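The next block holds one structure in the form of structure tokens; read it before the comments.
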Amino acid sequence: MTSAVDQLEQADLVDMNAFDIDDVIEYVHTGSARLPGYLELYDRYLRQRWNVNDLDFATDQADWQQKVPEPSRQSFLMVASGFHHGERQVQVELAPLLLGVSEDYKVFLTSHLEDEARHTVFFDRFYREVVGVPGAGIMDVLDGSWRWVQEVFVGPFGLLAYLTDELRRHPYDRRVQMRYATTYMIWIEGVLALSVMKITLGFARDHKVLPAYYRGFTATCRDEARHVQGGMRFVRELLEEDPALVRDLHDTLRTLLIMGAARSSYVAYEPLGWDDQRVSGLFAEQLQRKLTMVGVSLPDEMVGMVASVKPTLAGG
Amino acid sequence: MTVPSGFMTKHWGEEVAAAINHSPSPAYRATKLEEYWQWVDRAKANLSTAAVLWVKDAAEGDRGRGLLMHLERGRVASTETVEGSLGDQEAEFVLAGEMSSWRAMLEGYDVRKTVMYRRLTLDKGDVVLFFRSIYYWVELLVALSSVPVA
């Protein structure tokens with residue numbers, strides 16, 4: 001019998017409602033002892049690419065108004081808005097990485113960039129057509145959802161923006177590349193996004209609502225699997241070339257964990273069927289899995305910092 | 001771009017220092033969880049350094065002018081106006097932007113977007129170290145934005 005992970009590899013957009021987010025997360029980590037090569041990942045992109053404009057949000061619009069209670073709507077927006085902005089950020093902050101990496105990774109990164117643009121459009125459509133946020137352009141709708149984004153979002157995503165600026169100025173600097181990849185691929189995509197995807201998708205699945213959101217966001221998660229696998233390969237290659245770069249990985253993680261210990265307001269997860277402790281547990285689990293993928297362990301003094309990370313943020 | 005005449009002046013710098021050292025107000029403090037301010041206080045304890053807030057002169061390469069702040073455990077101990085080349089500034093951190101970015105922030109543009117959209121950039125200093133105190137720097141910019149400019 002073909003496993004769910006095997007089926008996910010071949011599935012089209014119309015089939016995405018059949019998959020659970022846990023299937024997608026397992027797909028990310030399948031065979032991580034041998035991470036796919038960049039051109040293999042590019043081939044998967046060509047086969048798995050989906051059209052964001054094939055999604056019909058009419059049922060989602062009705063569900064949002066009639067079936068999703070107000071407390072759940074508010075919690076959903078506080079989580080999903082992090083993705084709305086996160087997807088835009090990981091799209092606009094990717095291009096400079098192409099400058100200084102291998103030719104094969106450059107090819108894959110063009111697909112990664114196109115994916116993130118598609119995810120940005122996905123959330124733009126969700127916020128316009130389902131939530132009802134108006135706007136003449138994508139930035140208008142982003143401005144409209146900003147009120148639901150946690151203030152501490154500026155921590156990891158500001159760090160990503162500033163490291164991108166360094167990368168633009170020093171594209172071949174391996175230390176900058178490592179700091180950037182730790183922030184983008186390990187933390188934002190590999191920890192925050194993969195953890196928090198479970199929350200809104202689980203809610204939609206359990207309450208049988210928002211079918212187009214479920215289909216499109218599950219497809220988004222499958223795209224993220226390629227990004228994380230490509231990113232972890234890149235980090236592993238950096239470490240193989242120069243093991244001393246583990247210091248930059250650890251230093252950057254230390255900053256991310258320090259920032260992660262802050263929150264300025266609560267996110268109520270209970271209306272979505274979650275709680276703070278379970279969400280924090282997701283973060284810790286995903287961080288450990290990413291570090292295993294790249295063959296790195298945390299220094300003892302940082303292990304305790306992981307438990308202090310607040311369950312506040314969604315990623316892109 | 002019209003430059004407010006009082007911007008980056010000695011007098012304005014002194015008022016900015018006072019605003020930073022007296023923030024947050026009780027009303028503003030109440031808008032966030034107390035644990036957030038405790039995080040900011042812990043960051044302050046490790047911040048005894050010099051930082052420059054710098055206005056880039058778009059027509060003149062790395063030349064411009066700014067406000068040099070000497071921080072002692074996060075409090076602004078003194079300020080002075082500086083000008084010349086950004087590379088010559090004797091500070092651990094230089095946070096720089098075009099006049100249009102500073103003006104937008106002073107006129108109410110969101111401080112967090114100002115950072116995340118790179119309307120201000122860290123043109124000198126270790127980015128990874130800077131972000132270990134990021135919420136302190138964000139609140140410093142919020143306080144700065146509250147000071148009127150003539």
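In summary, region A:272-316 shows an alpha-carbon radius of gyration equal to 1.24 times the 2.2 N^0.38 Å reference for compact globular proteins.
Once R0 is set to 30 Å, what does the formula 1/(1 + (r/R0)^6) return for the Cβ-Cβ distance between B:Ala18 and B:Asp57, expressed as a FRET efficiency to the nearest 0.05?
0.65
What the phi angles of region A:262-278 give under the Karplus curve with 6.51, -1.76 and 1.60, with θ = phi - 60°, is a coupling list of 9, 8, 9, 8, 8, 9, 7, 8, 4, x, 9, x, 10, 8, 3, 5, 5 Hz, glycine and proline written as x.
Couplings 3J(HN,Hα) for region A:5-13, derived from phi with the Karplus relation 6.51 cos²θ - 1.76 cosθ + 1.60 (θ = phi - 60°), are 4, 5, 5, 4, 4, 9, 5, 8, 4 Hz, where x marks Gly and Pro.
Normalised by residue count, chain B yields a Cα convex hull volume of 107 Å³ per residue. Annotation: region A:103-235 has a Kirkwood hydrodynamic radius of 16.4 angstrom, from the mean reciprocal C-alpha pair distance.
Couplings for region B:106-113, taken from phi via the Karplus curve 6.51 cos²θ - 1.76 cosθ + 1.60 with θ = phi - 60°, read 5, 8, x, 4, 3, 4, 5, 5 Hz in order; Gly and Pro are left as x. Taking packing as the residue-averaged number of other Cβ atoms within 10 angstrom, the listed peptides B:55-65, A:187-197, B:109-119 run from highest to lowest as A:187-197, B:109-119, B:55-65. The value of relative contact order for chain A, using C-alpha pairs under 8 Å at least six residues apart, is 30 percent. With the simple spin-label model, which puts each label point 7 Å out from Cα in the Cβ direction, the A:Asp275 to A:Gln10 separation comes to 4.3 nm.
Using a 10 Å cut-off on Cβ atoms, rank the peptides A:284-290, B:32-38, A:297-303 from the highest mean neighbour count down. Write down the numbers at each step before the final one.
On the way: A:284-290: 19.3, B:32-38: 15.1, A:297-303: 11.6.
Going by the mean number of other Cβ atoms within 10 Å, highest first, we get A:284-290, B:32-38, A:297-303.
Amide H to amide H distances under 5 Å link B:Ala50 with B:Leu71, B:Glu92, B:Phe93, where only residues 5 or more positions off or on other chains count and H is placed in the peptide plane.
Neighbouring Cβ atoms from other chains, within 10 Å of the Cβ of residues in A:255-261, number 4 on average.
Counting only other chains, and only Cβ atoms inside 10 Å, what mean value do you get across the residues of B:124-137?
Working: counts 0, 1, 4, 13, 15, 3, 4, 14, 9, 3, 11, 7, 0, 2.
Taking the mean over all residues of the peptide, I get 6.
A simple spin-label model places pseudo-atoms 7 Å from Cα toward Cβ; at A:Asp143 and A:Ser102 they are separated by 4.4 nm.
Its relative contact order, with pairs defined as Cα atoms under 8 Å and 6+ residues apart, puts region A:120-208 at 15 percent. Over region B:32-137, Cα pairs under 8 Å with separation of 6+ residues give a relative contact order of 26 percent.
For region A:199-283, trypsin sites (Lys or Arg not before Pro) are listed when DSSP marks them as loop and at most 12 other Cβ atoms sit within 10 Å of their Cβ; the list is A:Lys208.
What's the ranking of B:21-27, A:94-100 by average number of surrounding C-beta atoms within 10 Å, highest first? Don't skip to the end; give the middle numbers.
Values: B:21-27: 11.1, A:94-100: 17.4.
Final packing ranking: A:94-100, B:21-27.
Label separation (A:Asn17 vs B:His11): 6.8 nm, computed from points 7 Å beyond Cα along the C-beta direction.
Database remark: amide H of A:Gln150 closer than 5 angstrom to no amide H (H placed geometrically; neighbours at sequence offset of 5 or more, or on other chains; Pro and chain starts carry no H). Annotation: amide H of B:Ser78 within the under-5 Å range of B:His70, sequence separation 5 or more or interchain, hydrogens built in the peptide plane. Paramagnetic label reach from A:Arg236 (point 7 Å along Cα→Cβ; backbone nitrogen cut-off under 15 Å): within region A:179-215, residues A:186.
Which values of log₁₀ I(q)/I(0), to two decimal places, follow from the Debye formula for chain A at q = 0.08, 0.11 Å⁻¹ with a uniform point scatterer at every Cα? Here the Debye-derived log intensity ratios amount to -0.32, -0.63. Residues within the reach of a label modelled at A:Thr30 (point 7 angstrom out along Cα to beta-carbon, backbone nitrogen below 19 Å), restricted to region A:218-247, are A:218-233. The lysine pair count for the protein assembly as shown, using Cα distances under 16 Å and pairs eight or more places apart or on different chains, is 4.
Averaged across A:150-161, how many Cβ atoms of other chains sit within 10 Å of each residue's Cβ atom?
Values: counts 1, 8, 7, 2, 12, 8, 3, 4, 15, 8, 2, 6.
Other-chain Cβ atoms within 10 Å of each residue's Cβ, averaged: 6.
Bear in mind that the values in this text are calculations on the coordinates, not laboratory data. Since this is a predicted model, take the numbers as computed values, not measurements. Note that we place each Cβ from the backbone using ideal geometry, even for glycine, and neighbour counts take in every protein chain shown.
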